[in-house]
Each structure stands twice: as structure tokens, then as C-alpha cells.
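Read through the structure below, which is laid out as C-alpha cells, and then see the notes.
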Amino acid sequence: MGWIETTGGYAVALDGTRVLCRNAAGRTLKQVPPKLKDDAEVVRLRQLAEWLGRHERECREQVDTWLVRSLPVPVALLARVWPDPAWQSALRDLVVAPVAADGSAETERAGFLRNADPARGLGIVDLDGDSVWLDAARVETVLIPHPVLLEELAELREFAAELGVEQGAEQLFREVWRRPEAAGGATGRGAAQDWRAYADGKFAQLRHATARAVSLGYRVRGGQAVCPLVENGRQLEAAYWLGDDYPESESLTGSLEWRDTAGRRLPLAEVGPVAWSEGERMAALVYAGRVIESDEEKAL
């Protein structure tokens, strides 16, 4: 953005989401002088910078929603938003895969997204390192696969490093959790419905746990941190118990569970790979903020 003249011989400009200022001699200052705090041009640029920052966050959050909920994304939509730098930053270099007629992702045709054009479709670097186009006339939607669904994830990460890939949205290097064999038992009556790997996490005050969950982007409802999910088109949610006592009271975390839209708790064996990974990710991130007692404290 070009320099805008303002009072006192100063000029201001916007660099990304940062307001720059230079003096009459043309030297760029470390910060905007306090006397220009209420200048109309400075105020206008700061408001624009705040909007741009908010827009960038919203773009990343939307892309994260597409990934976590395994939602097919129209190629036409990607082509339409691609010219916007905020959208392009969130989308560039994500692994995308064409969606077949039966709704499955053709991961063998996946590649790193590098371009989007209304006429040509999506330009990708495929997994052989070749630059190709996914024809818009033949590929109408793509999936941004959750990393737990990607075969040979470790090799993909190495390939991404060789290409110098830097993803604006967390995909390839998102930590994943896979359901352990111990949780994959029966599905009938009496089958396990909760996972207690993150139970008994101590928080000095319940509000510390709830605030941590909210700061991580999760909702808190009925004493639980909640993560909405979609697995194979089925709406689910993961719920992690934080407590329902007074906000200032000490709290211990409880179990992690998954349930459908009717509130039915799912047997652990029925929880799909994406729902399991994202549910356990939520619990692990919240649990990491617990109070960790030393051996001496535990002995008292």
C-alpha cells in the first residue's frame, strides 16, 4: 500500500496488518508517534488493519472447519476466493483430493494446492512432484483431508519439507491421535462409551479449565468442553468433562465421550478416525493446562 501524507510532514502506510510511519526526511520510524494517535488517516489505517486481521482469522477458521468436518468444498468456490490474499494464505499448499461420484476422496490423485482458476480448475503439485491441473469440468468438489485419513503421513510430511511447504492452516503437521486397540472392543450393550486417558486432571479453579477450553476455540456447555464433528456425513460431537461446580472451586477433569445429534453416547468402537483424533486432541490440549504436583506434594 502506498504512503498517505498526514499532518506535520509525516506519512503513513499499511504493511500487512501493521501501520508504518515515516517522517518528513523519509525515514521510517519504529512506531507511529503519539501525537498522531488520533490523526484521521492513522485511525482509518488501524481500523483497516484490525479488519484485515479479523478477516485472516475467519478464513483460517473456515478452512479448519472444512478439514475437521470432512466437508467437500466446491472447486468454483476455491477459485472465487483465491485472489483474496487472506484466503490464499489459508489455502495454499494444503493437500486436496478430488471427490468421486460416490462421495469418497480420491487420495491417490491428491496434491498440494498451488493455484485456483474458474476456467482451469485447481493447480496442484501431485505426490510425484509434477505440476498438474484438476480440470474444473471434471472435478467439481475436493476434500481437504484430515491428516489421520492420509496414508503414509510421515512420508507426506517429509515430501512437504522438501518442497518448502508452509501451510497457513494446520493440516499435515496437525498432531493426530488414533484409537488404541484397547478401545476397539464390542459395540453392543455394555460396550465402553467413555475414554479416561485424560481424567483426574486437577485445576485449582474450574474457571481455569473452562477458560483454557474457550481460548483453544472450544465451546463449554453443561460442564463439558464440546467439539462439533462430522464423520462420513454424520454429525457428532466429542465432549470432555471439566466440572459443574462453582467457577472458583477446585475441579478434576473426567472422561471423554462421543455422541450423536440425539445425545446417544457412542461405543468407543463406533467412533471414526477423524472424530477420535479431534476429540482426543481437544482433551489433550485442555488436560495439558492442569496443575502438575511434584513428588513431594503428592506424598503430603
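A compact table of results
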| read-out | value |
| --- | --- |
| Residue within segment 176-184 that is under 18 Å from the mean Cα position of the chain (by Cα), under 24 Å from GLY272 (Cβ atoms) and among the aliphatic types (A, V, I, L, M) present | yes |
| Residues satisfying the stated conditions in segment 156-167, i.e. under 16 Å from ALA97 (Cβ atoms) and either part of a helix (DSSP H, G or I) or open to solvent by 50 Å² or more (accessible area, probe 1.4 Å) (or both) | LEU156, PHE159, ALA160 |
| Sole exception among (1) open to solvent by 70 Å² or more (accessible area, probe 1.4 Å); (2) part of a loop (DSSP other than H, G, I, E, B); (3) over 19 Å from VAL291 (Cβ atoms) for GLU248, by number | (3) |
| Residue check, ARG80 touching a residue at least 40 places away in the same chain (Cβ under 8 Å), open to solvent by 60 Å² or more (accessible area, probe 1.4 Å) and assigned to a helix (DSSP H, G or I) | no |
| Segment 5-36, residues that are among the aliphatic types (A, V, I, L, M) and either touching a His at 6+ places or on another chain (Cβ under 8 Å) or open to solvent by 70 Å² or more (accessible area, probe 1.4 Å) (or both) | ALA24, ALA25 |
| Lone unmet requirement of (1) assigned to a helix (DSSP H, G or I); (2) more than 25 Å from ARG57 (Cβ to Cβ) for ASP200 | (1) |
| Residue match in segment 129-141 (condition: surrounded by 11 or more Cβ atoms within 10 Å (Cβ to Cβ), part of a loop (DSSP other than H, G, I, E, B) and among the polar types (S, T, N, Q)) | no |
| Condition broken by LEU127, with the remaining ones in (1) at pLDDT below 90; (2) out of contact with any strand residue (DSSP E or B) (no Cβ under 8 Å at 6 or more places or on another chain) satisfied | (2) |
| Of residues in segment 207-238 being open to solvent by 30 Å² or more (accessible area, probe 1.4 Å) and small (Gly, Ala, Ser), the one farthest from GLN62 (Cα to Cα) | GLY222 |
| Per-region count, segment 269-285, residues touching a strand residue (DSSP E or B) at 6+ places or on another chain (Cβ under 6 Å) and hydrophobic (A, V, I, L, M, F, W, C) | 5 |
| Given (1) in a helix (DSSP H, G or I); (2) touching a strand residue (DSSP E or B) at 6+ places or on another chain (Cβ under 8 Å); (3) buried (at least 20 other Cβ atoms within 10 Å of the Cβ), index of the condition CYS59 fails | (2) |
| Qualifying residue in segment 87-103 (condition: at pLDDT below 90 and buried (at least 17 other Cβ atoms within 10 Å of the Cβ)) | no |
| Hits in segment 104-126 - residues which are in a loop (DSSP other than H, G, I, E, B) and crowded, with 20+ Cβ neighbours inside 10 Å | ALA110 |
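The values are calculated or read from the model by the stated rules, or taken from the named source; none is laboratory data. Not measured: the values here are computed from a predicted model. Counting neighbours? That spans all protein chains shown, and the Cβs are built from the backbone with ideal geometry, glycine included. Please note that ligands, DNA and RNA were not included when accessible areas were found on the heavy atoms of the full protein model with its side chains. Shrake-Rupley method; radii C 1.70, N 1.55, O 1.52, S 1.80 Å.
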